[in-house]
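Report on the structure given below.
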Amino acid sequence: MGPGLDTVVLVHGLWVHGIVMELLRRRVARCGYRALGYSYPSMRLTLAENAERLARYCRELAAPRVNFVGHSLGGLIVLRALERATGFTPGRVVLTGTPFVESLAARRLARLPGGRSALGRGMLEWLDSARPAPGAGCEIGVIAGKLPIGLGRLVAPDLPKPCDGVVSVAETRVPAMRDHIVLNVSHAGMLISRAVARQVCAFLRDGAFEHRES
């Protein structure tokens, strides 16, 4: 990868390691980006702690600007990091299956025995905190899914449709977003979907999704 390539940092969601973003990372790299997978302790640390770690990682990249792709909780950490982005220049942001507005599935899980522990400190912090306001000029694109297959339907069978099995489309809407698209994918399926990868690359390139494909 040449030093002139635009940098994209991919941030995974809850319960997993950065390796789950590897297929998507490779597809983004094939679109001509310096694509980097970022891994973090999604259970042990708070949202604020993980956001600061991500910001520190971005500063150390010394890139002209840093674009982001966040899946689920990873998108929340990206948004929190962008609230006080210092020492690096943020570029475009693509959120995939990120429950910005609310997470009915997470709230239902929190009520079950052991549920709060299963959610980890970061997701619990998100449920009880004010929503972040990313810096001015931050271009945000949101990808939501409408294939209702996922663990969220087990704990929240009344999860409003359309949904991706964990997060409803309505829960993904960010007030400051520049574009929003709904694809026929499940929450976990976003990580391996060619359609999602194409839309991620389209937004990174143009600041807009290719709606004719959806």
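The values are calculated or read from the model by the stated rules, or taken from the named source; none is laboratory data. Being a predicted model, the structure only gives us computed values, none of them experimental. No Cβ is skipped: glycine too gets one built from the backbone with ideal geometry, and neighbour counts run over all protein chains shown.
May I ask you to verify whether GLY189 is surrounded by fewer than 20 Cβ atoms within 10 Å (Cβ to Cβ) and at pLDDT below 95?
Values: surrounded by fewer than 20 Cβ atoms within 10 Å (Cβ to Cβ): yes; at pLDDT below 95: no.
Considered against the rule, which asks whether it is surrounded by fewer than 20 Cβ atoms within 10 Å (Cβ to Cβ) and at pLDDT below 95, GLY189 comes out as no.
Of the residues in segment 162-181, how many are of a type in the set (Val, Ile, Thr), part of a loop (DSSP other than H, G, I, E, B) and under 17 Å from VAL200 (Cα atoms)?
First, the residues of segment 162-181 that are of a type in the set (Val, Ile, Thr): 166-167, 169, 172, 174, 181.
Going one step further and asking which of them are part of a loop (DSSP other than H, G, I, E, B), we end up with 166-167, 174.
Those left that are additionally under 17 Å from VAL200 (Cα atoms): 174.
Total meeting the criteria: 1.
Report, by residue number, each residue of segment 168-186 that is of a type in the set (Gly, Ala, Ser) and either at pLDDT 95 or above or under 13 Å from VAL69 (Cβ atoms) (or both).
The first filter runs over segment 168-186 and keeps only residues of a type in the set (Gly, Ala, Ser), leaving 168, 170, 176, 186.
Across segment 168-186, the qualifying residues are SER168, ALA170, SER186.
Go through ARG26, ARG84, ARG56, ARG34 for me and flag whichever is closer than 25 Å to GLY189 by Cβ and basic (Lys, Arg).
Working: ARG84 fails: closer than 25 Å to GLY189 by Cβ; ARG56 fails: closer than 25 Å to GLY189 by Cβ; ARG34 fails: closer than 25 Å to GLY189 by Cβ.
Only one candidate passes the filter, namely ARG26.
Which pairs have Cβ atoms under 9 Å, sit 6 or more apart or on different chains, and link a residue in segment 89-104 that is without any contact (Cβ under 8 Å) to a residue 40 or more places away in the chain and at negative phi to one that is buried (at least 24 other Cβ atoms within 10 Å of the Cβ) and among the β-branched types (Val, Ile, Thr)?
Close Cβ pairs (under 9 Å, with a partner that is buried (at least 24 other Cβ atoms within 10 Å of the Cβ) and among the β-branched types (Val, Ile, Thr)) amount to THR89/VAL66.
Of the numbered conditions (1) without any contact (Cβ under 8 Å) to a residue 12 or more places away in the chain; (2) in contact with a His (Cβ under 8 Å, 6 or more places away or on another chain); (3) small (Gly, Ala, Ser), ALA130 fails exactly one; give the number of that condition.
Here ALA130 meets the rest and fails (2).
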